1. Kindly list, by first and then second residue, each pair from a residue in segment 70-89 that is on the phi > 0 side of the Ramachandran plot to a residue that is surrounded by 15 or more Cβ atoms within 10 Å (Cβ to Cβ), limited to pairs with Cβ atoms under 7 Å and residues at least 6 apart or on different chains.
2. Under 9 Å between Cβ atoms, at least 6 apart or on separate chains: pull out the pairs that start in segment 3-21 with a residue that is touching a residue at least 12 places away in the same chain (Cβ under 8 Å) and more than 11 Å from V81 (Cα to Cα) and end on any residue that is β-branched (V, I, T) and part of a loop (DSSP other than H, G, I, E, B).
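Throughout, read-outs are computed from the coordinates displayed, never taken from laboratory work. The structure displayed is predicted, hence computed values, not measured ones. No Cβ is skipped: glycine too gets one built from the backbone with ideal geometry, and neighbour counts run over all protein chains shown.
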Amino acid sequence: MKTLSHRILVMGVSGSGKSHIGRQLAQTVGATFIDGDDYHSPANVAKMASGTPLNDDDRSEWLDTLAALFADYRARDASLVIACSGLKRRYRDRLRQGDSALQILYLEGTQELLLERLETRAGHFFKGDTMLASQLADLEPPDEEEAFNASIALSPMQIVDQFAATLPLPSRTLS
């Protein structure tokens with residue numbers, strides 16, 4: 001029986017748990033996990049580490065790289081989960097160029113909870129409430145038709161289980 005493959009974007013602002021939940025989701029659905037942050041250029045990482053938000057031009061090549069990853073996995077009929085902020089609709093549209101059937105899990109939370117999480121996170125280049133405020137200002141939240149929206153007030157496993165339950169199941173064939 002052929003397994004059904006999925007290409008999934010786990011999106012949200014910094015501190016929403018994209019990487020943690022993305023890893024758990026990939027394990028649950030048998031997919032490869034990629035943290036989109038790992039594909040930022042050194043210049044982008046340095047910019048964010050200095051507290052300067054990225055702009056559309058900064059994100060352009062990065063988004064093309066992630067879209068190419070989705071396209072590669074689609075061409076191989078392999079499952080992939082990428083954690084990426086996906087702040088604007090046009091960013092998500094660009095990612096869908098890699099796979100028009102891209103499934104999206106949007107992690108949403110209050111500014112207070114996000115900031116609390118950021119303040120306890122160690123070893124990440126994303127710094128401060130100014131950067132979070134910038135991301136929240138840029139955020140164009142997807143509606144329910146574009147994405148499965150999940151509150152980060154839930155546990156990561158609750159989010160993964162709820163989202164995984166929405167994925168199409170493989171069709172069964174008689175042999």
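1. Within 7 Å, the pairs are D77/S5; G86/L9; G86/M11; G86/R92; G86/L95.
2. Pairs that qualify, where the first residue is touching a residue at least 12 places away in the same chain (Cβ under 8 Å) and more than 11 Å from V81 (Cα to Cα) and the partner is β-branched (V, I, T) and part of a loop (DSSP other than H, G, I, E, B), are G12/I152; G15/I152; S16/I152; G17/I152.
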